[in-house]
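Visitor: Take a look at the following structure, please.
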Amino acid sequence: MFHKGFFKGILGAGVALTLATGLPAIAQETVKVGLILPMTGASASTGRQIEAAAKLFIAQNGNKVAGKTIELIVKDDQGTADMSKRLAQELVVNDKVSILGGFGLTPLALAVGPVATQAKVPAIIMAAGTSMIVDQSPFFVRTSFTLPQNTTPIAVWSAKNGIKKVVTLVSDFGPGLDAEKSFKAGFEANGGQVIEQLRAPLANPDFAAFLQKAKDLKPDAVFLFVPSGQGATLMKQVAERGLAQAGIKVIGTGDVTDDDLLNSMGDDLIGMITSHNYSTDHNSPENAAFVAAFNKANPNMRPNFMAAGGYDGMALIYKALEKTGGSTDGVKLVEAMKGLAWTSPRGPISIDPATRDIIQNVYIRKVEKKNGQLYNVEFDTIPNFKDPTHK
Ligand code: PHB
């Protein structure tokens, strides 16, 4: 048993420290943010983009919020769900992080959900896009996008712009299935017809046989979704199959014409129409400043939609800490995040208080060459668009 005086002594020392510095001892605290990202493997570009954007946000805004010092810890899950879960547990138990974030693919986010729920630690989805992820933990909040949100606008646009028959080709996992379903719903509600739905495996896909099958069906257009990192391989095989020469248009979500890879995909892409939540070319003062600062800190790298998700994820964390006055209580932080709204490099965004999902503009874009470089040039906007499949 400790003597009563022992506790008195400890307390006394704390009070003395407070008086001596003139600041409450709490002001010296560090808030740790643990980002779990694929830094190696097939989705490494997602990890690189988000890490660069999160570090840029901290460099621009300082590492102090509401009297706390922010410390970023980045861990590589190599794109495997077992590793994401183990890293989440280690970050919570050993590093005592107050907030988790990142999650480069849907299965990686899903693996972290139970850890976030049990530890009552907010988990900010900065990349993954399957609609139902936010329903799997009350501690999930999303700053990326959802596939129903990004797909529905191109489905409606296609039906209204002379495209009548479409074959869809998607990666066979959560976001691909969301894209497939949302495309069909939006396209057919506006008079179009999906004549075939093809799914390619996520790992090491060979798209040739699927594209040949799509070509043989002679649709007006092929709709494509693959996750960030696979667009260049897919579009090379699209060119090899000669879809354009056969009079078949190629449309998709902006994941396919990802800014990270677009410039290496070649002039065959010029004219391709997609819908998406972010383009490096987005015309706003906020985005001009973001792209310039990102390029300065990361020469030879273009910020893509993953960078936007990471940058806004850090903005969300800072704004929530300001609202809680520096409290890192997980329930209070998530409550503070609900309804937050601000202007991102991608345009106006907010967190839907009912779903903890992002509400944002979705843009219709066309690939064009500007100053010798390929860009997704936005020409139409669906403002403040919510995931249409959330209840
Ligand atoms: C996902 O796994 O949810 C995901 C990954 C990359 C994308 C879109 C969705 O570009």
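Visitor: Identify, please: which residue in the stretch 267-293 is within 17 Å of Asn361 (Cβ to Cβ) and acidic (Asp, Glu) and is, among those, least open to solvent (accessible area, probe 1.4 Å)?
Guide: My answer is Asp281.
Visitor: Shifting gears a bit: Give the number of residues within the stretch 112-142 that are in contact with a helix residue (DSSP H, G or I) (Cβ under 6 Å, 6 or more places away or on another chain), surrounded by fewer than 24 Cβ atoms within 10 Å (Cβ to Cβ) and among the charged types (D, E, K, R).
Guide: Summing the residues that are in contact with a helix residue (DSSP H, G or I) (Cβ under 6 Å, 6 or more places away or on another chain), surrounded by fewer than 24 Cβ atoms within 10 Å (Cβ to Cβ) and among the charged types (D, E, K, R) in the stretch 112-142 gives 1.
Visitor: Can you go through Arg199, Arg241 and tell me which one is open to solvent by 10 Å² or more (accessible area, probe 1.4 Å), under 18 Å from Leu105 (Cα atoms) and charged (D, E, K, R)?
Guide: Values: Arg241 fails: under 18 Å from Leu105 (Cα atoms).
From the options Arg199, Arg241, the qualifying one is Arg199.
Visitor: With Ser228, Ser264 as the choices, which residue is out of contact with any His (no Cβ under 6 Å at 6 or more places or on another chain), open to solvent by 10 Å² or more (accessible area, probe 1.4 Å) and assigned to a loop (DSSP other than H, G, I, E, B)?
Guide: Working: Ser228 fails: open to solvent by 10 Å² or more (accessible area, probe 1.4 Å).
Of Ser228, Ser264, the one residue that is out of contact with any His (no Cβ under 6 Å at 6 or more places or on another chain), open to solvent by 10 Å² or more (accessible area, probe 1.4 Å) and assigned to a loop (DSSP other than H, G, I, E, B) is Ser264.
Conditions (1) surrounded by fewer than 24 Cβ atoms within 10 Å (Cβ to Cβ); (2) more than 16 Å from the ligand (Cβ to nearest atom); (3) among the acidic types (Asp, Glu), marked per residue:
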site	(1), (2), (3)
Asn63	yes, yes, no
Val92	yes, yes, no
Leu100	no, yes, no
Leu110	yes, no, no
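Visitor: Those residues that are polar (S, T, N, Q) and open to solvent by 10 Å² or more (accessible area, probe 1.4 Å), I need them from the stretch 152-171; list them, please. Please lay out each step first, then the result.
Guide: Step one: list which residues in the stretch 152-171 are polar (S, T, N, Q), which gives 152, 158, 161, 168, 171.
Thr152, Asn161 - these are the residues of the stretch 152-171 that are polar (S, T, N, Q) and open to solvent by 10 Å² or more (accessible area, probe 1.4 Å).
Visitor: State which residue pairs qualify: first residue at negative phi and inside the stretch 36-65, second residue among the basic types (Lys, Arg) in any location, beta carbons under 8 Å apart, and separation of 6 or more residues or different chains.
Guide: Every condition considered, the pairs that remain are Ile36/Lys75; Leu37/Lys75; Met39/Arg48.
Visitor: Given the structure, is Lys181 open to solvent by 40 Å² or more (accessible area, probe 1.4 Å) and either more than 16 Å from the ligand (Cβ to nearest atom) or within 18 Å of the chain's Cα centre (by Cα) (or both)?
Guide: In short, no.
Visitor: Sticking with this structure for a sec: Answer yes if at least one residue in the stretch 134-145 is among the charged types (D, E, K, R) and within 13 Å of the ligand (Cβ to nearest atom), and no otherwise.
Guide: Our first condition is that a residue be among the charged types (D, E, K, R); within the stretch 134-145, this holds for 135, 142.
Then keep just the ones that are within 13 Å of the ligand (Cβ to nearest atom); that gives 142.
Checked against the condition, which is being among the charged types (D, E, K, R) and within 13 Å of the ligand (Cβ to nearest atom), the stretch 134-145 yields at least one hit.
Here is a yes/no grid of residues against (1) outside the structural domain of Lys68 (by TED's automatic domain parsing); (2) touching an Asp or Glu at 6+ places or on another chain (Cβ under 8 Å); (3) more than 14 Å from the ligand (Cβ to nearest atom):
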{"residue": "Lys236", "(1), (2), (3)": "yes, no, yes"}
{"residue": "Ala239", "(1), (2), (3)": "yes, yes, yes"}
{"residue": "Phe294", "(1), (2), (3)": "no, no, yes"}
{"residue": "Ala297", "(1), (2), (3)": "no, no, yes"}
{"residue": "Arg302", "(1), (2), (3)": "no, yes, yes"}
{"residue": "Ala307", "(1), (2), (3)": "no, no, no"}
{"residue": "Ser327", "(1), (2), (3)": "no, no, yes"}
{"residue": "Glu335", "(1), (2), (3)": "no, no, yes"}
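Visitor: Of everything in the stretch 181-204, what is outside any loop (DSSP other than H, G, I, E, B) and more than 20 Å from Gln237 (Cα to Cα)? Give them in sequence order.
Guide: First, the residues of the stretch 181-204 that are outside any loop (DSSP other than H, G, I, E, B): 181-188, 193-200.
Lys181, Ser182, Phe183, Lys184, Ala185, Gly186, Phe187, Glu188, Gln193, Val194, Ile195, listed by residue number.
Visitor: Hey, could you check the stretch 66-114 for residues that are in a loop (DSSP other than H, G, I, E, B) and free of Cβ contacts under 8 Å to residues at least 40 places away in the same chain and say which is nearest to the chain's Cα centre (by Cα)? Quick ask: steps written out before the conclusion?
Guide: First, the residues of the stretch 66-114 that are in a loop (DSSP other than H, G, I, E, B): 66-67, 77-80, 94-98, 103-105.
Restricting the remaining residues to those that are free of Cβ contacts under 8 Å to residues at least 40 places away in the same chain gives 80, 94.
On the way: Thr80: 17, Asn94: 27 Å.
Among residues in the stretch 66-114 that are in a loop (DSSP other than H, G, I, E, B) and free of Cβ contacts under 8 Å to residues at least 40 places away in the same chain, the one nearest to the chain's Cα centre (by Cα) is Thr80.
The values are calculated or read from the model by the stated rules, or taken from the named source; none is laboratory data. Source: prediction; values computed, not measured. Neighbour counts are summed over all protein chains in view; Cβ atoms, including those assigned to glycine, are modelled from backbone coordinates with ideal geometry. With ligands, DNA and RNA removed, areas are computed over all heavy atoms of the protein, side chains included. Shrake-Rupley method; radii C 1.70, N 1.55, O 1.52, S 1.80 Å.
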